1. Probe radius 1.4 Å, ligands and nucleic acids left out: which of VAL113, VAL290 has the largest accessible area, and how do the rest follow?
2. What size of dipole, in debye to the nearest 20, comes out for region 135-249 about its Cα centre when the only charges are +1 on Lys and Arg C-beta atoms and -1 on Asp and Glu C-beta atoms?
3. Less than 14 Å Cβ to Cβ from PHE225, Lys/Arg counted +1 and Asp/Glu -1: what total charge do the surrounding residues give?
4. What number, in percent, do you get for the relative contact order of region 67-182 if the mean sequence gap of Cα pairs under 8 Å and at least 6 apart is divided by its residue count?
5. What does the highest-first list of 248-256, 24-32, 184-192 look like by mean Cβ count within 10 Å?
6. If I model a spin label at LYS97 and ALA187 as a point 7 Å from the Cα along the Cα→Cβ vector, what separation in nanometres do I get?
7. For the residue pair TYR340 and THR295, what label-to-label distance in nm results when each label sits 7 Å from Cα along the Cα-to-beta-carbon direction?
8. What are the ³J(HN,Hα) values, in whole Hz, obtained from phi via the Karplus relation 6.51 cos²θ - 1.76 cosθ + 1.60 with θ = phi - 60°, for each residue of region 374-387 in sequence order, with x given for Gly and Pro?
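The values are calculated or read from the model by the stated rules, or taken from the named source; none is laboratory data. Everything numeric here is computed off the predicted structure, so don't read it as measured data. Glycine also receives a Cβ, built like all others from the backbone with ideal geometry; neighbour counts cover every protein chain displayed. We work out accessible area using only protein heavy atoms, side chains counted, and drop any ligands, DNA or RNA first. Shrake-Rupley method; radii C 1.70, N 1.55, O 1.52, S 1.80 Å.
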Amino acid sequence: MRWRLLWLLSAAACCCWGLAAGKTLRGGFASAAARREPWRPVARFQFYGDRAVLCVRIKNIAVAVAKAARLHLFQAQEWQKLENSVQEHSCTEKFSKAQLTMTVNHTEQNLTVSQIPYPETWYVFYVDKFTCEENYSESEDIQFEMVLLNPDAEGNPLDHFSAGESGLHEFFFLLVLAYFITACIYAQSLWQTIRKHGPMHGVLKVLTISLLLQAGSAVANYLHFSSYSRDGIGAPFMGSLAELCDIISQIQMLYLLLSLCMGWTIGRMKKSHGRPLQWDSSPASTGIAVVVVVTQSILLIWEQFEDTNHHSYHSHHGLASGLLIGLRVCLALSLAAGLYQIITVERSTLKREFYITFAKACILWFLCHPCLATIAVIFREYQREKIVTIGVILCQCISMVILYRLFLSHSLYWEVSSLSSVTLPLTVSSGHKNRHHF
């Protein structure tokens, strides 16, 4: 039942995802929408270099000319200054201060964005003669296709990736390659270990499923970015699949680590020092684990509403993202405190080393995202997403490697006697305790 609950909470996130805001945009410029929300940009993009280009193709050019349609480009910092200015500006005055303006009067037009000292975000606004006027009459929408391009390595404007996304395609290629090489080397021996149904069977099974989900997320991200590099749209389904795999993996790892820590801590308080520390599947430990997992699942789903772009580690300006970071910090501190209590009273050096190593893996898993998100604040905006995404993935891979080495170590199987009877409630029923041994 608990296993089905975890998958149900994870799959619920699928219904929240829309299409990614690709750098090739198709739709219609609507005068009514521009008049109702004139300060809402139709696109945002992080340009860099001297030959970045905004290309616009219009189908019904006669309507665009009749409306005196225009595109106004603002640097993000300049737009924020204008928005926060003490002096009030009228609608017309605000748009007149745009750094670049394109009059939409041809079927296809290019606007070059040049002399950019460093990568920065630009906002694109649609404006016509009705936007800032009180009088308005219904009119036909202007059908368009907008392509935003940065210069490639040779200086030609052919790169669909913004400054904040450049390099992620290559990173996911290397990550998939690393997963493939690792699988070729270790997959067979790991599978044989799991098939033996030893004392670590439950832990290794959940850990391996989480690792496979992480690898699946990397493959889906690579396929999405590969398609994105060609058309600026990508494969929205693969982007959604990558986030789904990552969410399920995060939930499984949370429940695994929290269940073990809560079981050990609560079990230690109940048992005397003379008896081995064992997994305690009491309602208290299981209930706490389930409550925390449900809370994280709700926050992850909520986060999808705040940011529909396809990347697993979203911007941290929204309330849901902030609460997620706060939850991870609280989890790391509480688990560290619980394990510290166990370590301080443990007399066996080998057991103490085991718990210390396990604590390091838990803290690394939970704190890597909050720490990297905090560190990224000191960098420029276009660097933050890459720092958080690449850093979190690498840190969580290291955490998984530490856990694998810990639970596959034969010398620790029997020394840490509590683990000889570990039964995770999400994988194996309590009736199967102590049935299988090496």
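1. VAL290, VAL113
2. Dipole magnitude for region 135-249 comes out near 1300 debye.
3. -3
4. The normalised contact order for region 67-182 reaches 30 percent.
5. Packing order, densest peptide first, comes out as 248-256, 24-32, 184-192.
6. The modelled label-to-label distance comes out at 5.8 nm.
7. Modelled inter-label distance: 1.9 nm.
8. Whole-Hz 3J(HN,Hα) from phi for region 374-387: 6, 4, 5, 4, 6, 8, 5, 4, 5, 8, 5, 4, 5, 4.
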